[in-house]
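The values are calculated or read from the model by the stated rules, or taken from the named source; none is laboratory data. Since the structure is predicted, the reported quantities are computational estimates derived from the model, not experimental observations. Cβ placement follows ideal geometry from the backbone for every residue including glycine, while neighbour counts extend to all protein chains displayed. The protein model used for the area step is the full one, side chains on, heavy atoms only, and it has no ligands, DNA or RNA in it. Shrake-Rupley method; radii C 1.70, N 1.55, O 1.52, S 1.80 Å.
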Amino acid sequence: MYAITGASGQLGQLVIEDLLTRVAPAGIVALVRDPAGLSRLADRGVVVRPFDYDRPETLAPALAGVDRLLLISSSAVGQRVSQHRAVIEAAKAAGVGHIVYTSILRAPDSPMELAGEHRETEAAIVASGLAHTILRNGWYTENYTASAAPAVQHGAMAGSAGNGRISGASRADYAAAAATVLAEDGTANRVIELAGDDAFTLDQFAAAIGEIAGKPVVYQDMPEADYRQMLEGVGLPAPVAAMLAESDAKAAQGSLYDDGRALSRLIGRPTTPWQDTLRAALQG
């Protein structure tokens, strides 16, 4: 049996859809806080079980019979380490044979603040003694497509990434990688750095927005503090704004660039061109 945490999230749903092309629905366990929200998967034969990071007593029972577990990193920045450790302990208690974890690109050396919790989680997985695969995911192209429509409206896209090159891949590409590793053997105790085949700067990204929309769009590079304030000004919570601005600033130093092409090799096809993901976001 194959289990996926965060099954109602954007990545989790894509992993399950990919996995359904490989294994029978009854062999897939969708782990989610509110099972009622995944009734459509249950109707298709997927096993849906309650799984709440903040209720540790729900974790080990939900993993009964699971052979391979995909731990999709929690979205609760600042609480991830304790939540992930609870899952790892539950996996051991339940006799899970292999755990796959979605980490961040070059976690041990990354200067990004987000990398800290991933480093601690990776260490906890290794210390657990469980067979494991660490998928160090680069940036989703969708992290920037969310800014495309406002950029068209205002004729400008803001950021703090300077001329840093970002090796973005689509969320579906990373989901395909996770499903591949989950369903196939041969990756035990491996770490795989995953990123898109083609990199872009935010200046190039803004220009592509303009080309697709038929309206000039320029990239406005800002100091990290100014960008953080701008994000807060449009309504983002302060911690989220700080995280996004800091990540952009580290991208300016090359933290989100990788040319190893391990992702395309793993999924057996080129990664989705970032222009295609952008075009889909703009054109609906």
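Just so you know, in segment 95-144 the residues that are among the charged types (D, E, K, R), closer than 28 Å to ALA158 by Cα and in a helix (DSSP H, G or I) include one that is farthest from the chain's Cα centre (by Cα), and it is GLU117.
For segment 48-60, the candidate set comprises residues that are over 23 Å from the mean Cα position of the chain (by Cα) and touching a residue at least 12 places away in the same chain (Cβ under 8 Å); within that set, the residue that is surrounded by the fewest Cβ atoms within 10 Å (Cβ to Cβ) is PRO56. The residues in segment 239-276 that are under 22 Å from GLN220 (Cβ atoms) and either among the hydroxyl-bearing types (Ser, Thr, Tyr) or open to solvent by 60 Å² or more (accessible area, probe 1.4 Å) (or both) can be counted, and the count is 6. Residues that are crowded, with 24+ Cβ neighbours inside 10 Å, farther than 23 Å from ILE99 by Cβ and aliphatic (A, V, I, L, M) occur at least once in segment 161-168. Among the residues making up segment 1-24, those that are in contact with a strand residue (DSSP E or B) (Cβ under 8 Å, 6 or more places away or on another chain) and part of a helix (DSSP H, G or I) are LEU11, GLY12, VAL15, ILE16, LEU19. For segment 74-94, taking the residues that are in a loop (DSSP other than H, G, I, E, B) and farther than 20 Å from ASP248 by Cα, the one that is least open to solvent (accessible area, probe 1.4 Å) is identified as SER74.
Listed conditions (1) closer than 19 Å to ARG106 by Cβ; (2) part of a helix (DSSP H, G or I) are all met by TYR257, apart from (2).
Among the conditions (1) under 22 Å from ALA7 (Cα atoms); (2) touching a strand residue (DSSP E or B) at 6+ places or on another chain (Cβ under 7 Å); (3) buried (at least 24 other Cβ atoms within 10 Å of the Cβ), ASP173 misses just one, which is (2).
The sole residue among GLY97, GLY65, GLY27 that is in contact with a strand residue (DSSP E or B) (Cβ under 9 Å, 6 or more places away or on another chain), open to solvent by less than 40 Å² (accessible area, probe 1.4 Å) and of a type in the set (Gly, Ala, Ser) is GLY27.
Beta carbons closer than 8 Å, at least 6 apart along the sequence or on distinct chains, pair a first residue in segment 180-206 that is modelled with pLDDT under 95 with a second that is surrounded by fewer than 17 Cβ atoms within 10 Å (Cβ to Cβ) and not basic (Lys, Arg) for ALA183/VAL23; ALA188/ALA131; ASN189/ALA131.
For segment 231-247, a residue qualifies if it is of a type outside the set (Ser, Thr, Tyr) and either touching a Pro at 6+ places or on another chain (Cβ under 8 Å) or part of a helix (DSSP H, G or I) (or both), and the qualifying residues are LEU231, GLU232, GLY233, ALA238, PRO239, VAL240, ALA241, ALA242, MET243, LEU244, ALA245, GLU246. Candidates ALA183, ALA156, ALA161, ALA149: the one that is closer than 25 Å to PRO108 by Cβ and either among the small types (Gly, Ala, Ser) or out of contact with any helix residue (DSSP H, G or I) (no Cβ under 9 Å at 6 or more places or on another chain) (or both) is ALA161.
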